[in-house]
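Here you go, one structure.
The values are calculated or read from the model by the stated rules, or taken from the named source; none is laboratory data. Owing to the predicted nature of the structure, the values given are computational and were not obtained by experimental measurement. When we count neighbours, we look across all protein chains shown, and the Cβ atoms used for this are built from the backbone with ideal geometry, even at glycine. In case anyone asks, the SASA skips ligands and DNA or RNA and just uses the protein heavy atoms, side chains included. Shrake-Rupley method; radii C 1.70, N 1.55, O 1.52, S 1.80 Å.
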Amino acid sequence: MFLRSLKFLRKHIQLSLGLGRKVLHAMPVKWWGGLEYGIPSSQKTFLDLTKSKAINAPFYGNDCYSFIIMQRFNAGELSLQQTAEAYQKLYMERKNLILREVEKIRDEDVVFAFMHFPDILQHFLFTKPVKIKKHYFDLNNYVRTLKRKIDADVTFLIVSDHGFDLKTGTHSEHGFYSCNKHLDPKPEQITDFFKIIINESNAPNRT
Ligand SMILES: [Zn+2]
């Protein structure tokens with residue numbers, strides 16, 4: 001039973017250097033790990049359009065350690081338990097990194113910090129909802145600590161770009177957001193945050 005579920009995970013948690021990369025190879029593109037899609041340089045994100053600081057953000061210098069752990073699991077080099085432990089350790093390091101980097105904020109208008117958690121843990125631990133719940137409680141405490149380091153008048157936004165279905169062990173289309181300010185209109189899609197962030201920043205092209 002255990003081995004079968006490991007096989008299932010190894011089969012399903014895979015990232016390939018797929019066709020997308022081959023097709024786009026002639027264009028300047030920002031990549032993230034082995035994902036098949038990238039951001040063409042002609043497409044600007046809020047990180048390009050504002051005076052910004054990106055903390056380990058996908059496509060903007062993310063170190064891909066979470067993918068490396070996944071690849072080692074897929075190659076059979078790490079057991080499920082070793083993988084979960086490696087992710088726990090990485091999660092602790094990520095929390096500290098963001099706190100350290102937030103201390104260094106000077107005159108940036110947008111600071112974007114990325115954490116591959118809880119997503120990546122849920123891929124491996126979706127059959128253990130108690131552990132997932134514990135992780136969410138910990139994240140909740142962490143956000144409180146982080147928020148204390150940021151001035152109260154600064155817009156503080158937490159966004160997930162998708163949810164997770166614990167029954168199927170796959171992403172769901174329901175995301176989550178939380179903000180210390182009332183957002184009007186209410187964002188309904190992940191792309192709605194682009195305009196919100198541009199408007200909240202001092203970018204010259206805000207509307
Ligand atoms: Zn995921």
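List every residue pair whose Cβ atoms lie under 6 Å apart, where the two residues are 6 or more positions apart in sequence or sit on different chains, the first residue falls within region 126-142 and is more than 13 Å from LYS167 (Cα to Cα), and the second residue, located anywhere, is part of a loop (DSSP other than H, G, I, E, B) and at pLDDT 90 or above.
HIS135/PRO118
To continue, here is another question. Given (1) open to solvent by 50 Å² or more (accessible area, probe 1.4 Å); (2) within 19 Å of the chain's Cα centre (by Cα), where does PHE156 come up short, assuming only one miss?
Condition (1) is where PHE156 drops out.
For region 74-98, how many residues meet the condition of being under 16 Å from the mean Cα position of the chain (by Cα) and among the aliphatic types (A, V, I, L, M)?
Residues in region 74-98 being under 16 Å from the mean Cα position of the chain (by Cα) and among the aliphatic types (A, V, I, L, M): 4 in total.
Check off (1) surrounded by fewer than 17 Cβ atoms within 10 Å (Cβ to Cβ); (2) closer than 19 Å to GLY33 by Cα; (3) not aliphatic (A, V, I, L, M) for PHE124 and give me the number that stays unchecked.
Only one criterion is unmet by PHE124, namely (1).
Starting from residues that are part of a helix (DSSP H, G or I) and in contact (Cβ under 8 Å) with a residue 60 or more places away in the chain, keep the ones in region 43-70 and report whichever is farthest from the chain's Cα centre (by Cα).
Once the filter is applied, the top-ranked residue is LEU49.
Please work out if THR145 is in contact (Cβ under 8 Å) with a residue 40 or more places away in the chain, surrounded by 14 or more Cβ atoms within 10 Å (Cβ to Cβ), among the polar types (S, T, N, Q) and more than 16 Å from the ligand (Cβ to nearest atom).
So THR145 does not fit the description; no.
In region 193-207, which residue that is open to solvent by 70 Å² or more (accessible area, probe 1.4 Å) and modelled with pLDDT of 90 or more is nearest to the ligand (Cβ to nearest atom)?
Selected residue: PHE194.
Kindly evaluate LYS149 against the criterion of being more than 24 Å from TYR87 (Cβ to Cβ) and of a type in the set (Lys, Arg).
Working: more than 24 Å from TYR87 (Cβ to Cβ): yes; of a type in the set (Lys, Arg): yes.
Yes: the conditions hold for LYS149.
Moving to a separate point now. So VAL111 passes all but one of these: (1) within 16 Å of the ligand (Cβ to nearest atom); (2) touching a Ser or Thr at 6+ places or on another chain (Cβ under 8 Å). Which condition number does it fail?
Checking VAL111 against (1) within 16 Å of the ligand (Cβ to nearest atom); (2) touching a Ser or Thr at 6+ places or on another chain (Cβ under 8 Å), the one that fails is (1).
I'm checking my understanding of the structure. Among residues of region 161-192 that are surrounded by fewer than 10 Cβ atoms within 10 Å (Cβ to Cβ) and within 13 Å of the ligand (Cβ to nearest atom), which one is nearest to PRO58 (Cα to Cα)?
Restricting to residues being surrounded by fewer than 10 Cβ atoms within 10 Å (Cβ to Cβ) and within 13 Å of the ligand (Cβ to nearest atom), the top hit is GLU173.
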